[in-house]
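*Asks:* There's a structure below that I have some questions on.
The values are calculated or read from the model by the stated rules, or taken from the named source; none is laboratory data. Just so it is clear, the model here is predicted, and its values are computed rather than measured. Note: ideal-geometry Cβ built from the backbone for every residue, glycine included; neighbour counts use all protein chains shown. Each accessible area value is taken on the protein alone, full model and side chains, heavy atoms only, with ligands, DNA and RNA left out. Shrake-Rupley method; radii C 1.70, N 1.55, O 1.52, S 1.80 Å.
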Amino acid sequence: MNQARFWKIAALALSVTLGVILWGAFVRATGSGAGCGSHWPTCNGDVLPRSPSAATFIEFTHRATSGIAFLLVALQLVWAFVAYPAGHPARRGAALSMLFMITEAGVGAGIVLLEYVAHDASAARALWMAVHLINTFLLVGAMTCTLYWARGGRRLRLHGQGVTGALLAAALAGVLVVGVTGAIAALGDTLFAAGSLREGIAQDFSPTAHFLVQLRVLHPVVAAVVSAYLLFARGAVAARRPSPLVERLSTALGGLVLLQIGAGLLNFLLLAPVWMQLVHLLLADLVWMVLVTLAAAALGEPASAADPGPRGEEKARPEAVAT
């Protein structure tokens, strides 16, 4: 186990995890969450389901691939501690990835055992989905950082980052809020599908509509505000921490945000078909991954490297210290 090959297992673990996330969305969108009943980790009481229905096959496949992702993250953790010395950021990233993978499994098990699946439209299910979404994003963020550090990225320096740190913290928090509102909107689209665009809009603003339907309006509003902020913040960060990598990530983030806006509009106009929900989620994951990498690259500057002052004057910047 050497450092030169570690990034490959990190990339594989992240890729498989993204596939599991998309398949999990497919489980929810097709109403297959109860395919294994209220049993976990077994499926309807069996290790391998017998004569599975379509819903059982879909749910069992999600569990099986989740297990593969879990093992890959565990391998990543062992490899990181063998290949890298104490204090290396790749070790910390791998440890956090394992932690969030464990909590991810715990949240998933809780949703199944409490039967917040299939056609359940309770507030408790919406809350559990919000927690699930946040944990998933934290997992993907930790795995993204692990891969970044495995490829030679600088360790994070959070102290003394000034305006740049504040810009990035707000951007990360904003994307999490968009993700949560998006998860709730997707649940409403699944449980209360509209037959036409006019019917869907009428549902959204009906005072007698279910709360999940009424909450769907929040997602496009929050997404528009956060998207505008991301387009501003990524340029501001690139201006304060000029480097080829930060500039490339800033450009990539801007392009993905614009692409996601278009995908969100198309998802709305097409009444959220399953395939478009998956595309929308994949783009959301990519936006999050690029933003996390941008934050890691920008905050990898020495802690004493200051932002421009309030009048635009640049404070003295010492030479970068290699990790």
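*Asks:* With an 8 Å Cα cut-off and a minimum separation of 6 or more residues, compute the relative contact order for the chain in percent.
*Replies:* It rounds to 21 percent for the chain.
*Asks:* Relative to the longest principal axis of the chain, what angle (0 to 90°, nearest 10) does the C-alpha long axis of helix 244-269 take?
*Replies:* For 244-269 against the chain, the angle is about 20 degrees.
*Asks:* Could you check the simple spin-label distance between Phe211 and Thr251, using points 7 Å along Cα→Cβ, in nm with one decimal?
*Replies:* In this crude spin-label approximation the distance works out to 4.7 nm.
*Asks:* Angle between the Cα long axis of helix 162-191 and the longest principal axis of the chain, 0 to 90 degrees, nearest 10?
*Replies:* For helix 162-191, the angle is close to 10 degrees.
*Asks:* Please list, in order along the range 46-63, the HN-Hα scalar couplings obtained from phi with the Karplus expression 6.51 cos²θ - 1.76 cosθ + 1.60 (θ = phi - 60°), rounded to whole Hz, x for Gly and Pro.
*Replies:* For the range 46-63, the Karplus curve yields 10, 5, 10, x, 9, 6, x, 6, 4, 5, 5, 4, 5, 5, 5, 4, 4, 5 Hz.
*Asks:* So if I take the centroid of the Cα atoms in the range 82-116 and the same for the range 171-244, what is the distance between those two points in Å?
*Replies:* 27
*Asks:* Can I ask one more? Report, in degrees rounded to the nearest 10, the 0 to 90 angle that the Cα long axis of helix 274-298 makes with the longest principal axis of the chain.
*Replies:* For 274-298 against the chain, the angle is about 20 degrees.
*Asks:* A further question follows. If you filter the range 175-278 for chymotrypsin sites (Phe, Trp or Tyr not before Pro), then keep DSSP loop positions with at most 10 other Cβ within 10 Å, what is left?
*Replies:* Phe205
*Asks:* Using the Cα centre as the reference, give the magnitude of the dipole from point charges on the C-beta atoms of the range 186-304 (Lys, Arg: +1; Asp, Glu: -1; all else neutral), rounded to the nearest 20 debye.
*Replies:* The dipole magnitude comes to about 260 debye.
*Asks:* Could you sort Arg155, Arg92 by their accessible area in this structure, using a 1.4 Å probe and putting the largest first?
*Replies:* So, going from the largest accessible area down, we get Arg92, Arg155.
*Asks:* So what is the calculated 222 nm ellipticity per residue for the chain, using -39500 (n - 2.57) for each DSSP H run with n of 4 or more, over all residues, to the nearest 500 deg cm²/dmol?
*Replies:* -24500 deg cm²/dmol
*Asks:* Taking C-beta distances below 4.7 angstrom as the pairing criterion, name the unpartnered cysteines of the chain, in sequence order.
*Replies:* For the chain, the answer is Cys145, because their Cβ atoms have no other cysteine Cβ under 4.7 Å.
*Asks:* Which one of Leu299, Leu114, Leu75 has the biggest mean-square fluctuation once the chain is modelled by GNM with Cα springs under 10 Å?
*Replies:* It is Leu114.
*Asks:* Please state the shape class of the range 203-247: rounded when a/c is under 1.5, otherwise prolate if a/b exceeds b/c and oblate if not, all from the C-alpha gyration tensor.
*Replies:* Prolate, because a/c is 1.5 or more and a/b exceeds b/c.
*Asks:* So, in nm, how far is label Phe232 from label Leu218 when the simple model puts each one 7 Å beyond its Cα toward the Cβ?
*Replies:* 2.3
*Asks:* With semi-axes √(5λ) of the Cα gyration tensor in Å in mind, check (i) 33, 27, 17; (ii) 36, 27, 14; (iii) 72, 19, 16 and report the label derived from this structure.
*Replies:* Looking at semi-axes √(5λ) of the Cα gyration tensor in Å for this model, the match is (ii).
*Asks:* Can I ask one more? Over the heavy atoms of Leu172, what accessible area does a 1.4 Å probe trace out, to the nearest 10 Å²?
*Replies:* Ignoring ligands and nucleic acids, Leu172 comes out at about 50 Å².
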